[in-house]
Amino acid sequence: MKKQIYDLVIKDGRVIDPALGFGHVAHLFIKDGKIAKIENDNISSRKKIDSMPDENVIDAAGKIVMPGLIDMHVHLREPGREDEETIVSGCQAAAAGGFTTVCCMPNTDPAIDNQETVKFVLSRAELADARVYVVGAVSKMLKGEELSEIGDLVKAGAVAISDDGGYVQNPQLMRNALEYASMFNIPIISHAEDDFLCKDGVMNESFQSTRLGMKGRPAVGEVIAVLRDIKLCELVGGRLHIAHVSTAGAVEAIRLAKADCVDVTAEVCPQHFCLTDDMIGEKFDTNLRVNPPIRTKADIDAIIKGLVDGTIDCIASDHAPHAEEEKDVEFDQAPPGMIGLQTTVGLVKTYLIDKGYLSWADAIRKMTQNPARILNLPVGTLKVDSPADITIIDSDKKWTVKKNDFRSKSKNSPFVGWKLSGKVSHTILGGRVVYDGK
Amino acid sequence: MKLQSRHLIGLEGVSADEISLILDTAVSFREIIERPIKKVPTLRGITVLNLFYEPSTRTKISFELAEKRLSADSITFTKAMSSVKKGETLKDTVRNIEAMKINMVVVRHGSSGVPYFLTQCMDSNIINAGDGSHEHPTQALLDMFTIRQKYGKLKGLRVVLIGDVKHSRVVRSNIWGLKTMGCSVAVCGPSTLQPYEVEKFGVDVYTDLDEALDGADVVNIMRIQLERQQSGFLATQREYTNLFGVTAERLKLLNKNYTVMHPGPMNRGVEITPEIADGKSSVILEQVTNGQAVRMAVLYLLSGKREDGE
Ligand SMILES: [Zn+2]
């Protein structure tokens with residue numbers, strides 16, 4: 001038997017890599033866990049494929065082949081709440097959702113505010129089905145009082161810092177954090193919601209919160225928080241990334257800041273372009289409780305506009321697992337958050353691509369090239385010699401979200417039962433197939 | 001004619017015919033309350049659980065009496081005597097109690113949406129006795145019963161609801177019910193205690209009490225919770241009373257045959273003067289009596305006894 005030149009080939013797929021400006025049918029050859037070659041269909045490439053054993057060939061005809069997707073905002077709950085998610089289970093969910101890279105937020109217990117915890121997370125992730133990058137804490141124990149040892153965190157591998165889950169309420173601390181983090185050229189990811197305006201709020205403030213008699217989280221609570229961070233960033237430099245933008249006002253603030261050359265980037269999550277606050281009164285589904293809250297049709301329109309014109313750089317899930325018993329309670333007693341790793345691709349396809357707002361290339365850019373650029377990650381492209389992280393999507397396949405299909409340890413999704421289009425068929429991590437659609 | 005739902009979660013979405021059915025049914029129960037022997041066998045064999053997760057005196061007693069007068073077996077569970085403190089979830093608590101074979105649940109809870117939540121985890125008929133700031137349908141029904149008793153109708157009357165609109169479930173249920181029955185509804189209170197986009201309820205919104213009272217038939221005054229000062233919604237009690245306290249002087253702006261209502265408990269001298277509370281236009285005690293009749297009607301109509309032909 002002839003010696004294998006390649007370990008794996010993905011043939012006949014439509015290869016889309018915005019980082020390379022690539023977008024047509026081609027064959028992708030993988031060797032030693034890296035991208036070896038992308039070749040158009042011709043006699044020579046056919047010959048190479050024909051010489052390979054069947055088990056090393058993935059037929060991607062009619063499917064889209066893209067760099068492994070990056071979810072820059074997930075909560076993996078380990079250490080502390082391993083009953084809700086572990087790094088291993090979260091990465092299995094990532095693989096099944098088409099993500100080969102996830103960035104985990106530091107609001108664990110203990111918080112990721114020190115080198116040891118960063119190292120612990122990275123060691124747990126070594127054999128997992130996705131790459132894990134760590135976002136360290138801005139402040140010690142996420143208390144918003146003193147800076148954490150950001151230099152140490154970066155040395156241990158942190159790619160950004162954030163006090164996600166809450167806002168860095170003290171403007172002086174946020175100013176210091178931006179200045180301090182700029183020494184290490186990492187962004188600060190801001191969960192921008194003013195604590196005073198949003199205190200105890202459980203849903204968007206609107207006629208819906210008025211009707212249901214629930215404490216609201218006003219849109220202006222996000223807008224003010226975003227504007228303050230932008231102004232601080234403008235003043236002292238540093239790099240600011242706004243997490244889970246949910247309001248029209250925040251989109252506009254970010255658009256204007258970018259026009260003023262402030263170094264600000266932003267992400268949105270599917271719940272903020274698929275769900276509206278009037279859904280809450282239908283069944284008081286606690287899976288619809290999330291911070292920032294699901295908003296209105298007008299906010300969705302503005303977010304889509306921001307995605308289209310590039311104001312919004314990234315799409316992330318804000319995957320936030322919660323135990324069933326903690327969600328199966330009174331609406332205002334439930335912790336905020338929903339899982340999202342396995343529904344993001346389908347929601348992006350169904351609600352952004354099928355509706356004609358984004359092309360596949362646009363959507364892929366927001367889940368590969370852009371987060372990789374913002375966080376300075378060595379992934380997100382199919383460039384030769386890059387890690388062979390690849391996602392293959394059966395673009396028009398219709399599927400129904402089922403609770404039993406979630407690989408996450410938690411099942412808190414408001415999308416169960418939804419019919420979506422666009423299903424992950426394969427996920428490949430460093431040349432290893434970590435998900436094959438089964 | 002029967003009620004569309006086997007639960008009473010709120011008055012939003014309840015039709016005029018259904019509200020009329022409840023009020024008409026309450027008329028006959030109101031007569032029973034005046035009899036020397038205030039008891040009928042209507043709900044014999046039905047077990048009702050009163051589930052009170054919030055302190056309540058009058059609503060709880062009103063429901064308990066209504067149940068007893070209908071010969072239902074009733075038990076009351078309040079937060080203090082429960083295992084809530086041990087961290088048992090609401091769902092586990094109610095499922096455990098339901099396993100003892102109950103038929104109906106009357107629930108009062110501080111979180112909006114709890115009555116609906118119970119419909120999803122129990123088989124019993126659920127009656128909302130107040131959930132968060134969401135709805136308190138039997139209070140609004142008894143308010144409407146009382147208004148109808150006096151004027152013989154609801155349609156065309158002008159009703160003003162005064163006080164903390166933002167946090168009041170009584171106001172919300174009244175708005176839904178009164179609008180459905182063809183009343184013209186206004187709300188009045190400090191702008192800090194008016195919820196966002198309150199006008200979308202289809203009510204007139206006032207922050208000036210005199211303007212609100214002008215031409216009104218019914219004034220329904222809500223209790224103001226003095227703790228609202230701490231959250232920055234109000235300045236002082238003195239200022240609240242000056243701006244929104246209902247006095248005899250101000251009631252001159254009303255139509256001649258006006259009515260003063262209050263769901264209780266009252267802060268005399270704060271939102272209402274004693275003179276008004278005890279005056280000849282006040283139907284505050286009548287509301288309390290009517291409350292029993294309305295709750296008897298709701299219990300009866302939801303129990304399914306009517307369909308059984310009993
Ligand atoms: Zn967040």
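How charged is the neighbourhood of residue A:335? Take every other residue with its Cβ under 9 Å from the Cβ of residue A:335, and add Lys/Arg as +1 and Asp/Glu as -1.
Taking every other residue near residue A:335 into account, the sum is +1.
Is region B:244-310 best put as rounded, prolate or oblate by its Cα gyration tensor, with a ≥ b ≥ c the root eigenvalues, rounded for a/c under 1.5, and otherwise prolate when a/b is larger than b/c, oblate when not?
prolate
Quickly estimate the mean residue ellipticity at 222 nm for the protein assembly as shown, helices only: each DSSP H run with n ≥ 4 gives -39500 (n - 2.57), and the total goes over all residues, rounded to 500.
Calculated from helices alone, the mean residue ellipticity at 222 nm is -9500 deg cm²/dmol.
Taking the Cα atoms of region B:124-195, what is the range of coordinates along each of the three principal axes, in descending order and whole Å?
Reported extents, whole Å, longest axis first: 39, 34, 16.
Provide a whole-number value for the mean count of partner chain Cβ atoms within 10 Å of the Cβ atoms in peptide B:169-178.
For this peptide, the per-residue mean of nearby foreign Cβ atoms is 1.
Report, in degrees rounded to the nearest 10, the 0 to 90 angle that the Cα long axis of helix B:137-151 makes with the longest principal axis of chain B.
The two axes meet at around 60 degrees.
Above 21 Å lies some portion of the pair distances; for region B:1-111, what is it as a whole percent of all C-alpha pairs?
Above the 21 Å cut-off, region B:1-111 has 47 percent of its Cα pairs.
Out of all DSSP beta bridges with both ends in the protein assembly as shown, state the antiparallel percent to the nearest 5.
Expressed as a percentage, antiparallel bridges in the protein assembly as shown total about 30.
Please compute the net charge surrounding residue A:83, taking Lys and Arg as +1 and Asp and Glu as -1 over other residues with Cβ under 15 Å from its Cβ.
-4
On the first, second and third principal axes, largest extent first, how far apart are the outermost C-alpha atoms of region B:111-156 in Å?
If we take the Cα atoms of region B:111-156, the spans are 41, 22, 15 Å.
If you line up the long axis of helix A:297-309 against the longest principal axis of chain A, both from Cα atoms, how many degrees apart are they, to the nearest 10?
50
Whole number please: convex hull volume per residue, Cα atoms of region A:225-381, in Å³.
In region A:225-381, the Cα convex hull volume per residue is 125 Å³.
Using the alpha-carbon centroid of each, what span in Å lies between region A:32-65 and region B:96-170?
Here the two parts' Cα centres lie 66 Å apart.
For chain A, modelled as a Gaussian network with Cα springs under 10 Å, which listed residue fluctuates most, A:256, A:28, A:76?
Largest GNM mean-square fluctuation: A:256.
Taking the Cβ of residue B:98 as the centre, find all other residues whose Cβ is under 13 Å away and add up their charges (Lys, Arg: +1; Asp, Glu: -1).
Net charge in that neighbourhood comes out at +1.
Using the per-residue mean of other Cβ atoms lying within 10 Å as a proxy for protection, in what order, highest first, do the peptides A:99-105, A:311-317 fall?
A:99-105, A:311-317
Quantify how strongly other chains surround peptide A:204-210 by giving the mean number of their Cβ atoms within 10 Å of each of its Cβ atoms.
The per-residue average across the peptide is 5.
In 5 Å bins starting at 0, how do the alpha-carbon pair distances of region A:42-141 split up by percent?
Cα pair-distance distribution for region A:42-141, in percent: 2, 12, 19, 18, 12, 9, 7, 7, 6, 4, 2, 1, 0.
Would you mind giving the average projected area, over all directions, of the Cα convex hull of region A:277-324 in nm² with one decimal?
4.1
In the P(r) worked out for region B:137-284, what percent of Cα pairs fall beyond 24 Å?
Of all Cα-Cα distances in region B:137-284, 23 percent exceed 24 Å.
Report, largest value first, the span of the C-alpha coordinates of region A:348-438 along each principal axis, in whole Å.
If we take the Cα atoms of region A:348-438, the spans are 40, 31, 23 Å.
For the protein assembly as shown, what ratio Rg/Rh do Cα atoms give with a Kirkwood hydrodynamic radius?
1.06
Springs between alpha-carbon pairs under 10 angstrom, Gaussian network model over chain B: which of B:139, B:230, B:149 fluctuates most?
Among B:139, B:230, B:149, the largest mean-square fluctuation in the Gaussian network model of chain B belongs to B:230.
How large, in Å, is chain B by the Kirkwood hydrodynamic radius built from its alpha-carbon pairs?
19.9
Tell me the Kirkwood radius of region A:174-250: reciprocal of the mean inverse pair distance over distinct alpha-carbon atoms, in Å.
By the Kirkwood definition, the hydrodynamic radius is 13.4 Å.
Among A:376-385, B:184-193, what's the highest-first ranking by average C-beta atoms within 10 angstrom per residue?
Answer by packing, highest mean first, reads B:184-193, A:376-385.
Given all pairs of different Cα atoms, what value in angstroms does the Kirkwood hydrodynamic radius of chain A take?
Averaging 1/r across every pair of different Cα atoms and inverting gives 21.8 Å.
Compute the angle between helix B:16-34 and the longest alpha-carbon principal axis of chain B, please, reported from 0 to 90 degrees and rounded to the nearest 10.
It is inclined by approximately 80 degrees.
Please average, across the residues of B:109-122, the number of beta carbons from any other chain that are within 10 Å of each residue's own beta carbon, and give a whole number.
Other-chain Cβ atoms within 10 Å of each residue's Cβ, averaged: 5.
If I build a Gaussian network model for chain A, linking alpha-carbon pairs within less than 10 angstrom, which residue out of A:375, A:212, A:420 has the largest mean-square fluctuation?
Per the Cα network of chain A with a 10 Å cutoff, A:212 tops the list.
Read-outs: derived from the displayed coordinates by stated rules, not from any lab. This one's a predicted model, so the numbers in the text were calculated from it and none came from an experiment. FYI the Cβ positions are ideal-geometry reconstructions off the backbone, even for glycines, and counts take in every protein chain you see.
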